[in-house]
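> Attaching a single structure in structure tokens format; questions to follow.
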Amino acid sequence: MEGAADMDDQAEIAAQASGLAEILAPRLSVVFCGLNPALTAHLDGHNFSNRSNRFWRVLHLAGFTPRLLRAEEEREMLQYGLGLTSAVSRPTKSASELTKRDYVAAAPALEEKIRQLAPGNLAFLGKAAYAAISLRAQIEWGRQPDEFAGASVWVLPNPSGLNRAFDLTRLTDHYREMKLAVDRAAAPIE
């Protein structure tokens, strides 16, 4: 087991050294929480940099960004009240390499980060991380009944190109549902 811990520590150091950054600031409207960084993102130094990943396109189509951002422009998310983090910091070729134990072990650090930054909403990209962290076997898409570290929780389909269960239209519909709810919650009461 000690060898596995050493490998995790080395991956953490490598991820930090690659320049792959979390895009975070206090009091953002939404922080999107990926399962973990892809190896391609780790190597490129930018989140969701694989051409098959639909994250940037879906953000734009759902109305979160006024134009289509490229992975290299990831820091511009902050201008729109958006942030980005990962449930598990260890990069993998596929999120299927992660176990429930990986998510549970990473949960305290994620909770502390979210509590300190106090975003209005935390959107898990895929069910695996939130299911493990919340200890709930059945998770539905959309807004969840619980909060996480003071933030409203959403579970959205993973935008990975490997996620064949959601075409671009269905994926965008889920993200747009969240965008409309966030906008309604932020609108002044007349």
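> Provide a single number: the residues in segment 150-170 that are under 15 Å from L61 (Cβ atoms) and touching a Leu at 6+ places or on another chain (Cβ under 7 Å). It would help to see each step written out before you state the result.
If we filter segment 150-170 for residues that are under 15 Å from L61 (Cβ atoms), which is where we start, we get 156-157, 159, 166-170.
Narrowing further to those that are touching a Leu at 6+ places or on another chain (Cβ under 7 Å): 156-157, 159.
Residues in segment 150-170 being under 15 Å from L61 (Cβ atoms) and touching a Leu at 6+ places or on another chain (Cβ under 7 Å): 3 in total.
> Among the residues of segment 22-49, write down those that are β-branched (V, I, T) and modelled with pLDDT under 90. Give the steps one after another, and end with the answer.
From segment 22-49, those β-branched (V, I, T) are 23, 30-31, 40; that's our starting set.
Of everything in segment 22-49, just one residue is β-branched (V, I, T) and modelled with pLDDT under 90, namely T40.
> Given the criteria assigned to a loop (DSSP other than H, G, I, E, B), open to solvent by 70 Å² or more (accessible area, probe 1.4 Å), under 25 Å from G150 (Cβ atoms) and basic (K, R), does R27 qualify? Don't jump to the end; show me each part of the working.
On the way: assigned to a loop (DSSP other than H, G, I, E, B): yes; open to solvent by 70 Å² or more (accessible area, probe 1.4 Å): yes; under 25 Å from G150 (Cβ atoms): yes; basic (K, R): yes.
Against the criterion (assigned to a loop (DSSP other than H, G, I, E, B), open to solvent by 70 Å² or more (accessible area, probe 1.4 Å), under 25 Å from G150 (Cβ atoms) and basic (K, R)), R27 qualifies.
> Name the single residue that is least open to solvent (accessible area, probe 1.4 Å) among those in segment 171-190 being over 13 Å from L59 (Cα atoms), among the charged types (D, E, K, R) and part of a helix (DSSP H, G or I). Talk me through it step by step, then tell me what you get.
Quick first cut of segment 171-190, residues over 13 Å from L59 (Cα atoms) only: 181-190.
Now narrow it down to the ones that are among the charged types (D, E, K, R): 183-184, 190.
Now narrow it down to the ones that are part of a helix (DSSP H, G or I): 183-184.
Values: D183: 70, R184: 164 Å².
Step by step, filter segment 171-190, then rank; the result is D183.
> Additional query: Inside segment 150-170, can you point out the residues that are touching a residue at least 60 places away in the same chain (Cβ under 8 Å), open to solvent by less than 50 Å² (accessible area, probe 1.4 Å) and either in a loop (DSSP other than H, G, I, E, B) or touching a Ser or Thr at 6+ places or on another chain (Cβ under 8 Å) (or both)?
N158, P159, S160, G161
The values are calculated or read from the model by the stated rules, or taken from the named source; none is laboratory data. For clarity, every value in this text was computed on a predicted model and none was experimentally measured. Glycine gets a Cβ as well: all are built from the backbone with ideal geometry, and neighbour counts include every protein chain shown. Surface areas here come from the heavy atoms of the whole protein model, side chains and all, with no ligands, DNA or RNA. Shrake-Rupley method; radii C 1.70, N 1.55, O 1.52, S 1.80 Å.
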